[in-house]
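Down below is the structure, laid out as structure tokens.
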Amino acid sequence: NAGVTQTPKFQVLKTGQSMTLQCAQDMNHNSMYWYRQDPGMGLRLIYYSASEGTTDKGEVPNGYNVSRLNKREFSLRLESAAPSQTSVYFCASREYNSPLHFGNGTRLTVT
Amino acid sequence: KQEVTQIPAALSVPEGENLVLNCSFTDSAIYNLQWFRQDPGKGLTSLLLIQSSQREQTSGRLNASLDKSSGRSTLYIAASQPGDSATYLCAVRPGGTSYGKLTFGQGTILTVHP
């Protein structure tokens, strides 16, 4: 059972480039989330999808877009990367009232 | 706005000690509280989930308690081992239609030395 799978694991971008972070879960969870983790700032919610077909902004959505492609997949897109988006990005999923399950993260550096 | 604080920020103990990690939150109107561990370079692994109606949860050597009225939770680790070395985070889920948006603490970095 793979759980939550994120690709890629590492990425280096130049300022202004775009990329999409992929996330897939095989636990049939309804809700999916994107967080970023930064030293001294902790984990902050970027976007979430309460169920298939819905998405909503979290605490720090600026500069990002998301797509809930189907029940399994939830992608995060950076249209024009900025150095401030250098971070570790985590995807997570859960079913109603159950523990949150995280992927292993994507380490993104924007130069 | 919910704020979650974890004390201490770092803890170093010899193997075999029992230890307590603390988590406090400012708004007691929570749905549940979850404890995670994070190993370096890895994602978060869920350890225990306590519903707002519960007082504690146990899993092996781990015991988590919740006092919602005082805004506190503790994670007790019995007979600590070097393999317990990791960052421990707590997160609260607010009540209402929050769709599970968690607020995380900054974490406690635990080092258990042989």
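A few notes on this one:
- Spread of Cα-to-Cα distances over 10 Å intervals beginning at zero, given as percent, for the protein assembly as shown: 8, 33, 35, 19, 4, 0
- Evaluated on the stretch B:1-67, the Kirkwood hydrodynamic radius is 13.6 Å, with distances taken between all distinct Cα atoms.
- Computed about the Cα centre, the dipole magnitude for chain A is approximately 200 debye when only Lys and Arg (+1) and Asp and Glu (-1) carry charge, each at its Cβ.
- Amide proton proximity set for A:Leu13, modelled H, under 5 Å, gap of 5+: A:Thr109, A:Val110, A:Thr111
- Close amide H partners of B:Ile30, meaning residues 5 or more places away or on another chain with modelled amide H under 5 Å apart, are B:Gly95.
- For chain A, the normalised intensity computed at q = 0.13, 0.21 Å⁻¹ comes to -0.43, -1.11 (log10 of I(q)/I(0), Debye sum over alpha carbons, equal scatterers, no solvent).
- Computed with a 1.4 Å probe over protein heavy atoms only, the accessible area of A:Cys91 comes to about 0 Å².
- Cross-link pairs exceeding 30 Å in C-alpha to C-alpha distance, out of A:Lys9/B:Lys1; A:Lys9/B:Lys68; B:Lys68/B:Lys101, comprise A:Lys9/B:Lys1; A:Lys9/B:Lys68.
- Surface exposure of chain B, expressed per residue as accessible area with a 1.4 Å probe, stands at 47 Å².
- Fraction of accessible area attributable to carbon and sulfur, the protein assembly as shown (%, probe 1.4 Å): 49 percent
- Full-extension gain in nm, B:Asp27 to B:Ala10, via 0.36 nm per residue minus C-alpha separation: 3.7 nm
- Translational diffusion of chain B, µm² s⁻¹ [Kirkwood Rh, Cα pairs; Stokes-Einstein; 4 °C; 1.567 mPa s]: 92 µm²/s
- Cα centroid separation, the stretch A:55-98 to the stretch B:38-114 (Å): 24 Å
- Across the stretch B:57-114 the C-alpha pair distances fall into 10 Å bins from zero in the proportions 19, 44, 28, 8, 0 percent.
- For the pair B and A, total buried accessible area rounded to nearest 100 Å², probe 1.4 Å: 1700 Å²
The values are calculated or read from the model by the stated rules, or taken from the named source; none is laboratory data. Just so we're clear, the structure is a prediction, and the values are computed from it rather than from any experiment. Reconstructed Cβ throughout: ideal geometry from the backbone, glycine too, with neighbour counts over all protein chains shown. Ligands, DNA and RNA are excluded from the accessible area calculation, which covers all protein heavy atoms including side chains. Shrake-Rupley method; radii C 1.70, N 1.55, O 1.52, S 1.80 Å.
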